[in-house]
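Here the structure is laid out as structure tokens; the discussion comes afterwards.
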Amino acid sequence: SEIIRDNPGILDCVKEGIGRVIGMGVPHSKRLLPLMALTFPTVLHGVLHYIISSIIQKFVLLVLKRENSQSLPTESSNSVQSMLDAYFPELIASFAANLCADVMIYPLETVLHRLHIQGTRTIIDNTDLGYEVLPINTQYEGMRDCINTIKQEEGMLGFYKGFGAVVVQYTLHVAVLQLTKIIYSMLLQNVA
């Protein structure tokens, strides 16, 4: 490939970055989309993720606080236990909100990633066979074209390629939250 054989200079990255910002093609790829074409999907992803996670976090926190206020009698407890009761629902609400937002926005994130890496020097592991790498050769014209191409060539499940990484990420997140709660509860027992 011509891409691999060239010897990039120290400032070629800066030159290519400026070329991409102003919308001019760079020598190794005419498939790179200008950054202005990537601005809308990137901002849309960030704003939607924020809105969805904020709404869900407030809702989950409201439900958790309502449950805590109904289930806890008005007994005086030590300050460490009350700190756990005040802080842990925040963690759970934040976790649930980010999980829901990531699951709901994942198709847009797939489109966004494909648009961002189009025309770059990118290869991926062939996870089907496991012993080779595949170059990424796409020719999307923009966000709408990317969505239509994924839907036509890969079906609706094409939008969820790589979703296993999100599952692993949140599985580890749950493990850390549970471990934190266990350690904190053990410390509470030692203090009491």
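The values are calculated or read from the model by the stated rules, or taken from the named source; none is laboratory data. Here the structure is a predicted model, which means the values were calculated and not measured. So basically every Cβ, Gly included, is an ideal-geometry build from the backbone, and we count neighbours across all protein chains shown. Please note that ligands, DNA and RNA were not included when accessible areas were found on the heavy atoms of the full protein model with its side chains. Shrake-Rupley method; radii C 1.70, N 1.55, O 1.52, S 1.80 Å.
Brief remarks follow.
Quick grid of which residues meet (1) open to solvent by 40 Å² or more (accessible area, probe 1.4 Å); (2) in contact with a helix residue (DSSP H, G or I) (Cβ under 8 Å, 6 or more places away or on another chain); (3) under 18 Å from Leu38 (Cα atoms); (4) modelled with pLDDT under 75:
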{"position": "Gln118", "(1), (2), (3), (4)": "no, no, yes, no"}
{"position": "Ile124", "(1), (2), (3), (4)": "yes, no, no, yes"}
{"position": "Val133", "(1), (2), (3), (4)": "yes, no, no, yes"}
{"position": "Gly142", "(1), (2), (3), (4)": "no, yes, yes, no"}
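- Val103 modelled with pLDDT of 95 or more and over 30 Å from Cys13 (Cβ atoms): yes
- Search result, residues across the stretch 160-192 that are part of a helix (DSSP H, G or I) and over 22 Å from Ala101 (Cβ atoms): Leu179, Lys181, Ile182, Ile183, Tyr184, Ser185, Met186, Leu187, Leu188, Gln189, Asn190, Val191
- Subset of the stretch 150-169 (residues that are closer than 16 Å to Arg114 by Cα and either in contact (Cβ under 8 Å) with a residue 40 or more places away in the chain or open to solvent by 90 Å² or more (accessible area, probe 1.4 Å) (or both)): Ile150, Lys151, Gln152, Glu153, Met156, Leu157, Gly158, Phe159, Tyr160, Lys161, Gly162, Phe163
- Being surrounded by 15 or more Cβ atoms within 10 Å (Cβ to Cβ), at pLDDT below 95 and assigned to a helix (DSSP H, G or I) holds for only one residue in Leu91, Leu112, and it is Leu112.
- Within the stretch 170-192, restricting attention to residues that are open to solvent by less than 100 Å² (accessible area, probe 1.4 Å) and under 30 Å from Leu112 (Cβ atoms), the residue that is modelled with the lowest pLDDT is Leu177.
- Gln152, sole failed condition from (1) under 23 Å from the mean Cα position of the chain (by Cα); (2) modelled with pLDDT of 90 or more; (3) polar (S, T, N, Q): (1)
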